[in-house]
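Read-outs: derived from the displayed coordinates by stated rules, not from any lab. All values derive from a computational prediction rather than experimental measurement. Here the Cβ is made from the backbone with ideal geometry for all residues, glycine too, and neighbour counts use every protein chain on show.
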Amino acid sequence: MHQSTTKCCSTTSENMSLAYPNPTETRDVIERDGFTAPDGRQIALWRWPGSRERPTLHWAHATGFHSQVYRSLLDELADDCNVLAWDMRGHGASAEAADIKTFRGWETYYEDLVAWLESLDEPVWLAGHSIGATTSIMAAARRPDKVRGLILAEPVIMDPWQGWRLWSAKLLRQSQRFSLAAGAARRRRVFDSRAAALENFRGRGGFRTWPEAWLENYVEHGLVAHDDRFRLACTPEWESTTFAHTEHNPWPAVRRLRCPMVVLAAERASTFSPRARRRLHALLPSAELNVLSGTTHFLPMERPEVVRDAVRQAMHGDTRG
């Protein structure tokens, strides 16, 4: 598996966009790594300083975001484990890997993560938010030998009725009309400056509950230079297409899971409904499920300390060699 590594403040590696900013050096230098996806595209992977003695955690972000949105959370976790975080294809520093001709819905993301897992010598913990959590589930089901456990924040896990409705919409080619997909397609894509983008997003929609530092990281690393302006690294078309292909039936993969699992769900507007939670508990009674009072789908931004502690506790309780 091809690997490439650059320091966070040095020139970007080949096949990566020169317009994409490297993360700001806030405490430790993180490295920009990468791997080759099954279709030959390059996927960016960010690596925090670590050591062989500590467990390794991979964090997968939500649709439309990128790894550096979660920088403050991942910086804290880097005190306890080796942190890695990808920019999913079509997002952040992997924006140029977006290729609608080879995109097969979320299956493409699953195959990307599995390809990375297969390059590893030792198993790792998989964690993530939203699609990142669901992709982690699918990868763990396919390569259980490479995964020590799962820590999932607001996974997209539909109950059978929700899944049937989405499957029907996909079959009829109507899923682009769903609110998330339609809204993403209309998203503003170009801004005169990062400051203008920050002002545009602040206090709006799902960003209403975000701390300022998280929003600043989203803007700083979610835009690329475009002529004399800035555009979204994850294009509205790619984000909309990803939403339209939302996973409608994760249950066969869920049934195959054997590793420890912690799930954090939102109290409001959750992508993991009460009916889906009950079904998961029936299938995996050993899984730890927690509903966080007062939170929405953006619970990592709203309660990062809970996510941090869940990761630490899960890893601390892992007694396997």
R0 = 22 Å: FRET efficiency of ASP309 with ALA269, Cβ-based, nearest 0.05?
-> 0.45
Residue by residue through region 57-64, which ³J(HN,Hα) values in whole Hz follow from phi under the Karplus form 6.51 cos²θ - 1.76 cosθ + 1.60 (θ = phi - 60°), with glycine and proline marked x?
-> 10, 10, 10, 10, 7, 8, 4, x
Ordered by packing density, taken as the mean number of other Cβ atoms within 10 Å over each peptide's residues, highest first, how do 149-161, 133-145 rank?
-> 149-161, 133-145
Is it possible to state the helix-based mean residue ellipticity at 222 nm for the chain, with each DSSP H run of 4+ residues giving -39500 (n - 2.57), the sum divided by total residues, to the nearest 500 deg cm²/dmol? What is it?
-> -10000 deg cm²/dmol
Mean Cβ-within-10 Å packing, highest first, puts peptides 124-130, 292-298 in the order 124-130, 292-298
LEU223's amide H: which non-local residues (gap 5+, or another chain) put their own amide H closer than 5 Å, with H modeled 1.01 Å from N in plane and none for Pro or chain starts?
-> ALA233
Pull out a ≥ b ≥ c, the square roots of the eigenvalues of the alpha-carbon gyration tensor of region 266-316, then state rounded if a/c is under 1.5, prolate if not and a/b is larger than b/c, and oblate in the remaining case.
-> oblate
Contact order normalised by residue count of the chain, Cα under 8 Å, 6+ apart, percent | 19 percent
Between rounded, prolate and oblate, where does region 120-254 land on the alpha carbon gyration tensor, with a ≥ b ≥ c its root eigenvalues, rounded for a/c under 1.5, else prolate if a/b exceeds b/c?
-> oblate
What does the charge dipole of region 49-168 about its Cα centre add up to, to the nearest 20 debye, if the Cβ of each Lys and Arg holds +1 and the Cβ of each Asp and Glu holds -1?
-> 320 debye
Which trypsin sites (Lys or Arg not before Pro) in region 204-276 pass both tests, a DSSP loop state and at most 16 other beta-carbon atoms within 10 Å?
-> ARG204, ARG258, ARG268
Volume per residue of the C-alpha convex hull in region 227-321, rounded to whole Å³ = 179 Å³
Could you give the dipole magnitude of region 109-265 about its Cα centre, charging the beta-carbon of Lys and Arg +1 and that of Asp and Glu -1, in debye to the nearest 20?
-> 680 debye
Estimated inter-spin distance, GLU118 and SER286, nm [label 7 Å along Cα→Cβ] | 2.7 nm
Rg to Rh for region 223-264: what is it, with Cα atoms only and Rh by Kirkwood?
-> 1.27
Dipole moment magnitude, nearest 20 debye, the chain about Cα centre, only Lys, Arg, Asp, Glu C-beta charged | 1320 debye
Using only Cα atoms, locate the centre of region 96-146 and the centre of region 26-94, then give the distance between them in Å, rounded to an integer.
-> 13 Å
Cα centroid of region 259-314 to Cα centroid of region 217-253, whole Å | 24 Å
How high is the relative contact order of region 188-251, in percent, with contacts defined as C-alpha pairs under 8 Å that are six or more residues apart?
-> 37 percent
Mind putting together the pair-distance distribution for the chain? All Cα pairs, 20 Å bins, whole percent per bin, short to long.
-> 34, 61, 5
